[in-house]
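Structure record follows, encoded as structure tokens.
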Amino acid sequence: MHNLKVMEAAFYQSECDQPHPSRARAIIKAHPEVRQLMVRNPWTALIAVSIVILQTVIACGMGKLGFSYWWLSLLLAFCIGAFANHANYVIIHDATHNLIFRNPGWNKMVAVIADLPNLTPGAMGFRVYHLKHHSHQGDYEWDADLANHWEARLVGNKWYRKAIWLMLFPFFQVTRPPRLKAVKMWDRWFSTNLVCAILYDVAIIYFFGWAGFLYLVFAFLFSIGLHPVGARWIQEHYTYDFDQETFSYYGPINRLALNMGYHNEHHDLPSIPWNNLPKLRAIAPEFYGNLKYHSSWSRLVLQFIFDKRYSLYSRVERMKQNDRPQATRETANGEIDNLDLSARPIRF
């Protein structure tokens, strides 16, 4: 009960730095061969284009069937569209880290293309705040992955409010970047993202009608909302067990989500593309076998909604440097001494 009250009031305050840079140095020291995994995968661009074509074809089909088949649009969006759009979110993520092509501009263009079925211009905004998330994980003034305080207080730990929050997650997410320090969101690539999104939306409505557009709306909402793939946002950093702040997911949906579940691995070495993340875990099992992990996104969605120990405050926040009496737990040899050693999945 004590932990529940803490979570409702504020984020968990951590005195130590984020664990990933130190663990990355330890992994590279123990396994220098992991550097061979730090490559670019241009085939990822082909996957992005294929998904855009798939989603457009389905929208075309639903447009021909008309609004009377809205239920089929809903079903297809849940069973196909959500996974397709989410895979493209992963591609936008890899493009953000320039893991597709060497030229940053080409990566940005892939991200813009992958963003088309989402109907809204989110790729370039994501690029800005996601890189800040890596460099300032858990810092409220820099990390947009942390919920706003008003947002956390509004949702609380009521099951129906958490369900609504997850369903409307993309709308809450866009309220966070304005609070970040010294972050420039608008540039020519953001404008390109916006123009391409508008042109795609207009083309869908013009050629396939509003019924085709409705399918893409359903797919967009499911892909990052109230759906098993929406559990990704909870899996990555939400916890009520604060000896660990980043979690991976090792389950079958990784095959459709392009290994997005390998989140500890990604944070440790973000220069490794999605297809090589399982290889990193295989090469350095002593660093990941000791960490807690999730084995089911579907179960995690239910756990987050119905377990009152979870709220939007179930996150680790970095204390300001001048507020830390002991700023680090890193040992002299570069290893991390605060890793939990109980190799177990989090169960519901």
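In whole Å, what three semi-axes, largest first, describe the equivalent ellipsoid of the range 125-237 built from its Cα gyration tensor (square root of 5 times each eigenvalue)?
27, 21, 11
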query = What are the DSSP H helices in the chain that stretch 30 Å or more along their long axis, judged by alpha-carbon atoms, and whose average Kyte-Doolittle hydropathy comes to at least 1.6?
reply = 43-65
request  = Quick one: pull the percent of accessible area on the chain belonging to carbon and sulfur, 1.4 Å probe, ligands and nucleic acids left out.
outcome  = 64 percent
ask   = What does the accessible area per residue of the range 169-308 come to in Å², with a 1.4 Å probe and no ligands, DNA or RNA counted?
value = 39 Å²
query = Under the definition of Cα pairs under 8 Å and six or more residues apart, what whole-number percent is the relative contact order of the range 1-155?
reply = 22 percent
Extension gain (nm, one decimal) between Ile205 and Met319, 0.36 nm per residue minus Cα-Cα = 36.2 nm
task = Report the label-to-label distance for Asp187 and Lys64 in nanometres (one decimal), using points 7 Å from each Cα along the Cα→Cβ vector.
result = 4.3 nm
key: Residue (of Ser14, Phe222, His267) at the positive-pole extreme of the chain, dipole from beta-carbon charges   = Phe222
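Of Tyr12, Tyr200, which has the most accessible area with a 1.4 Å probe, and how do the rest follow in descending order?
So, going from the largest accessible area down, we get Tyr12, Tyr200.
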Coordinate range along principal axes, alpha carbons of the range 1-109, Å, largest first = 57, 48, 24
message = Run the simple label-point estimate for Lys279 and Asn148 please: 7 Å along Cα→C-beta, distance reported in nm.
response = 4.3 nm
task = State, as an integer percentage, the relative contact order of the chain based on alpha-carbon contacts under 8 Å between residues 6 or more apart.
result = 30 percent
query = Given the Cα-Cα distance of Ser295 and Lys158 and 0.36 nm per residue of separation, how much length would full extension add, in nm?
reply = 46.9 nm
remark   = Ignoring ligands and nucleic acids, Lys184 exposes an accessible area, probe 1.4 Å, in Å² to the nearest 10, of 150 Å²
message = For a test of understanding, tell me how many lysine pairs in the chain have Cα atoms under 28 Å apart, given they are 8 or more places apart or on different chains.
response = 28
key: Amide proton proximity set for His294, modelled H, under 5 Å, gap of 5+   = Ser248, Tyr249, Tyr250, Ile346
key: Most mobile listed residue (Gln18, Gln36, Gln235) in the chain, GNM with C-alpha springs under 10 Å   = Gln36
message = How big is the dipole moment of the chain about its Cα centre under a simple scheme where the beta carbon of each Lys and Arg is +1, that of each Asp and Glu is -1, and everything else is neutral? Debye, nearest 20, please.
response = 420 debye
Extension reserve of the Glu33-Ser135 stretch, reckoned as 0.36 nm per residue once the Cα distance is removed = 34.3 nm
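The values are calculated or read from the model by the stated rules, or taken from the named source; none is laboratory data. Computed from a predicted model, the values in this text were never measured in an experiment. A quick note on method: Cβ atoms are made from the backbone with ideal geometry, for glycine too, and the neighbour counts reach across all protein chains shown. For accessibility, only protein heavy atoms count, side chains too; no ligands or nucleic acids. Shrake-Rupley method; radii C 1.70, N 1.55, O 1.52, S 1.80 Å.
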